[in-house]
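Okay, structure first, notes after.
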């Protein structure tokens, strides 16, 4: 028996149909009612595992690894003989078979085949014996995924393929305790496995020129001095570039969240406790105990080192946790020459201090930074012998085609 060519909402179909004829049952191949693909806004990457539902027909599905979903209707059909009524068809012939389809829920779909076997359009709603009416639209398809905003898309009566459905991110929250956003990579989550597995000592200029080999991590895995959980503690020598930690994974454009606590300066000194966050192992955002300082310079807390000072001092006293939230776009190069400088946006303790600022890496000394490039590099945390702790470090890779880091998510 040929399948109906149209179903509820005027959608092309290949529905599972069971036909009863003289006590026999025939099953016809199942197929798709509505399909589409779900993407996230940041990089237009597929969203696997999203929930897609069409409540009007009681259908639901999950997206696959490529973000694709298929909403399939399981229905049954009964051939009634004699027909409940004969109706003229586009071919001018009389309907010889009448079919009633009953998908999930109480809605029915009625349709007929003419004597030539061609399908007559179906109608949504209670199965009709007195004629077929215009198909109704199936309604709203709802898409939900943890960490992204839910979205509804109307499935029109002539719409089978909904195409790409793009889910946006919730408004960003900043400061302490922020969990990784959708698609982010935990770099340190309070576990020893994440510390040992994701980080290594930076083999930069100092180690290379002094013939030093890679060594096991000397940073310590210690209890949080304020809250529950574990942290990474800097150690132990004062030499720049000797004991810096860098991620094994490399990054180009990204969003970063990092929490830090300035506990104490080097033993035997009164210097302010000091560290730094090196974006792409190249551009340093200063970490320094500058609590109470009236005016900050470009070598002080939250400064883009030696280039741009934080316009306001948001520092908390040593021993209290602080946070940076950074969106970074790497420099761009053409034929070996830099065509666009790197850019960054920085929130310090939940407040915006640098909005889409350029940085030229002017502080590059060859000791504390790698050579300027546009290729992915690790995220580096500096150690100068002070007692500084880190926790809740995560990063989301981005592909920023436009020269802006003011993204709004």
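The values are calculated or read from the model by the stated rules, or taken from the named source; none is laboratory data. Computed from a predicted structure; not experimentally measured. With ideal geometry, Cβ positions are generated from the backbone for all residues, glycine too; neighbour counts draw on all protein chains shown.
Observations on the model:
- Qualifying residue in region 303-319 (condition: within 25 Å of the chain's Cα centre (by Cα), crowded, with 21+ Cβ neighbours inside 10 Å and at pLDDT 90 or above): no
- In region 280-295, residue farthest from residue 184 (Cα to Cα) [restricted to those that are part of a strand (DSSP E or B) and at pLDDT 95 or above]: 288
- Region 148-176, residues that are touching a strand residue (DSSP E or B) at 6+ places or on another chain (Cβ under 7 Å) and exposed (fewer than 11 other Cβ atoms within 10 Å of the Cβ): 163
- Where strands (runs of 3 or more DSSP E) sit wholly within region 1-77, those with at least 1 residues that are in the same structural domain as residue 147 (by TED's automatic domain parsing), closer than 30 Å to residue 252 by Cα and at pLDDT 70 or above occupy 34-40, 68-71.
- Of the residues making up region 209-244, those that are part of a strand (DSSP E or B) and farther than 14 Å from residue 388 by Cα number 0.
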